[in-house]
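The values are calculated or read from the model by the stated rules, or taken from the named source; none is laboratory data. Bear in mind the structure is a predicted one, so any value in this text is a computation, not a measurement. In this analysis, Cβ positions are derived from the backbone assuming ideal geometry, glycine residues included, and neighbour counts consider all displayed protein chains.
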Amino acid sequence: MGQGVVDDTINEITRKVTAPGTQVFTEGSSGYKDGVKHWLKSSYEPSAYVIQPGSAKDLSEIIKILAEKKTPFAVKCGGHIACPKFSSTDGIQIYLSRLTNKHYDSTSQTLTVGAGCLWDEVYGYMEQFKQNVVGGDHNKGVGIGGYLLGGGFSLKTNQFGLGIDNIVGMEVVLPSGLIVEAKADGQYADLFFALKGGGNNFGIVTQFTLNTHPQGKVYGGILVYNNPDEFPKVLAATTKFATESKDKKAAIETAIDYTLKEGTLKPTCAVNCYYDDTKPTTDPFSEFVTIVPHDGKLQEKEHLALTRKLQGIWYLSSSKQNDDSDSEMRDEVYGHGRWGSISVTKYNQALIDAVATEAKNSSEVLAANKGLTAHYNLWPFLPTIYDHSSGGAWPHDKGYPYTPLLVYYLWEEDADDKFWIKHMKDAIKRIHDVAIAQGCSKADAPIYCNITLEDTPVSDIYRGNLERLKSIRAMYDPGRVMDLAGGFKI
Ligand SMILES: Cc1cc2nc3c(=O)[nH]c(=O)nc-3n(C[C@H](O)[C@H](O)[C@H](O)COP(=O)(O)OP(=O)(O)OC[C@H]3O[C@@H](n4cnc5c(N)ncnc54)[C@H](O)[C@@H]3O)c2cc1C
């Protein structure tokens, strides 16, 4: 794409929409730096310009001009997607950071929130009402936009389903520039269905209305084990929790992580424990607590304070992970990386052992291939999680409780992309084979689009919903304007 086209596009945009509501930033400004920043270095791309739209109305003008001039663009909320070019571009970067309105309606117990918000600020806002949303990870900077348009697994999913099951309505700027309100019923019910997991294929969402649920103090924390001799005990306790826990308020994530730090391999196992209430009489995490030595302790805290601690699971080689203060962690990770996943319906010891073996085997090739981290994350859920599914683009039906088993690798340079992406794919396939053989997955399990490699076929994500989604896309984006932005294209 020529620079002339982009310059022409931005000139037209600045003629139609003006500061301070909407602002255009050029390289070197802080607005530009914020706009192009991503969680992973490999998801970053220098764009020609950054725009921070101030309203849906301005965004409507912007999208009409982008469509007319066929100028590549990207839409970014929190910038946490690991797939390159999904929320970055060499064209025009739309950064939703000004769309941060929040209003809690105590009568309907719903929150209406601008699509540029991050989960941290949403949780912080909701504390005063003692209500909360089904939101995303406890990591500083995960955006509500990408998370909610992909599906949304939460520490509260056992109780209330996915993030998309808790959306009541969405304000959307369609590729034509029309601003509409999509809801479960009415004229835009098909659009509502498609947006729930359909990513950025159908337009740009500017506002979500979400159901909320009562929120009191919570109990939990992160337990970190650095001695590999203890790992089998932690994994056995994970299997026990995954197969025996019935309490919807209890959730764990177990990470097996090998990180090279200053040339030394640091093996770590860590368990995030979250109980959505004060400590119960029988501690659901007692098996983990009794494994010593470990760092970290389980405490009662406010939801946001506790979940801030849990973000340490992504920074296990960092000295801050056992820090007992509530200080915020960094929101950028050094290095190139990817996330991948397989979808499982349950865990057993053979599957968990296979994951541990893959992690260990990867650790042995980190040093020779400029690898930094091999991280596997087991996130067991109850088989009932989709009993109250409200449907959506991403298939999540009652009786088919597919959830992602996460694979996350980091390495130093793009020169090593080829090696590590192939390494990840091979490992993912071997784990999936074990999961199928163990009755924990199926060959046609839908892959979770928020945590998978960029070349995952859309048919593997949307499965039986794909044809319906294609016809909805043809209706709302006949000119395929949204193909000018990266993502999984339906
Ligand atoms: C540290 C970390 C923790 C995570 N934890 C969880 C978790 O607990 N549960 C879970 O399910 N996932 C989790 N994820 C995955 C996360 O859901 C995805 O990375 C998600 O895409 C992040 O959303 P974002 O807004 O930050 O991403 P972005 O990179 O800003 O956007 C991702 C995609 O969504 C599109 N998009 C964003 N906003 C809009 C909008 N308003 N309208 C149209 N398109 C839009 C973008 O164009 C892009 O294609 C985690 C990821 C990280 C890095």
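For this structure, a couple of remarks:
- The set of residues from region 255-301 being charged (D, E, K, R), assigned to a loop (DSSP other than H, G, I, E, B) and surrounded by fewer than 21 Cβ atoms within 10 Å (Cβ to Cβ) comprises Glu262, Asp277, Lys279, Asp283, Lys297.
- Any chance Gly145 is outside any helix (DSSP H, G or I), at pLDDT 95 or above and closer than 20 Å to Asn201 by Cα: no
- Residue within region 95-102 that is within 12 Å of the ligand (Cβ to nearest atom), part of a helix (DSSP H, G or I) and of a type in the set (Ser, Thr, Tyr) present: no
- The residue of region 461-490 that is nearest to Asn450 (Cα to Cα), among those that are in contact with a helix residue (DSSP H, G or I) (Cβ under 7 Å, 6 or more places away or on another chain) and among the small types (Gly, Ala, Ser), is Gly487.
- Of the residues contained in region 433-442, one or more are found to be surrounded by 15 or more Cβ atoms within 10 Å (Cβ to Cβ), more than 13 Å from the ligand (Cβ to nearest atom), farther than 18 Å from Gly152 by Cα and among the polar types (S, T, N, Q).
- Restricting the first member to region 409-435 and to residues that are assigned by TED's automatic domain parsing to the domain that holds Asn361 and under 17 Å from Glu454 (Cα atoms), and the second to residues that are assigned to a helix (DSSP H, G or I) and β-branched (Val, Ile, Thr), the beta-carbon pairs closer than 8 Å and six or more apart or on different chains are His423/Val365.
- Given (1) in a helix (DSSP H, G or I); (2) free of Cβ contacts under 8 Å to residues at least 60 places away in the same chain, number of the condition Ile63 does not satisfy: (2)
- Of all residues in region 410-451 being polar (S, T, N, Q) and within 23 Å of the chain's Cα centre (by Cα), the one that is nearest to Thr357 (Cα to Cα): Ser441
- Members of region 78-91 that are more than 6 Å from the ligand (Cβ to nearest atom) and either outside the structural domain of Ser43 (by TED's automatic domain parsing) or farther than 11 Å from Pro46 by Cα (or both): Ala82, Cys83, Pro84
- Among the residues making up region 452-481, those that are touching a Gly at 6+ places or on another chain (Cβ under 7 Å) and hydrophobic (A, V, I, L, M, F, W, C) are Leu453, Leu469.
- All positions within region 159-193 that are more than 18 Å from Ile144 (Cβ to Cβ) and small (Gly, Ala, Ser): Ser176, Gly177, Ala184, Gly186, Ala189
- So Gly186, is it assigned to a loop (DSSP other than H, G, I, E, B) and either away from the ligand (no atom under 13 Å from the Cβ) or crowded, with 24+ Cβ neighbours inside 10 Å (or both): yes
- Here the condition is being in contact (Cβ under 8 Å) with a residue 24 or more places away in the chain and either away from the ligand (no atom under 12 Å from the Cβ) or within 24 Å of Tyr274 (Cα to Cα) (or both); of Glu121, Glu127, Glu68, it holds for Glu127 alone.
- Residue among Ala242, Ala194 that alone is away from the ligand (no atom under 16 Å from the Cβ), of a type in the set (A, V, I, L, M) and not in a strand (DSSP E or B): Ala242
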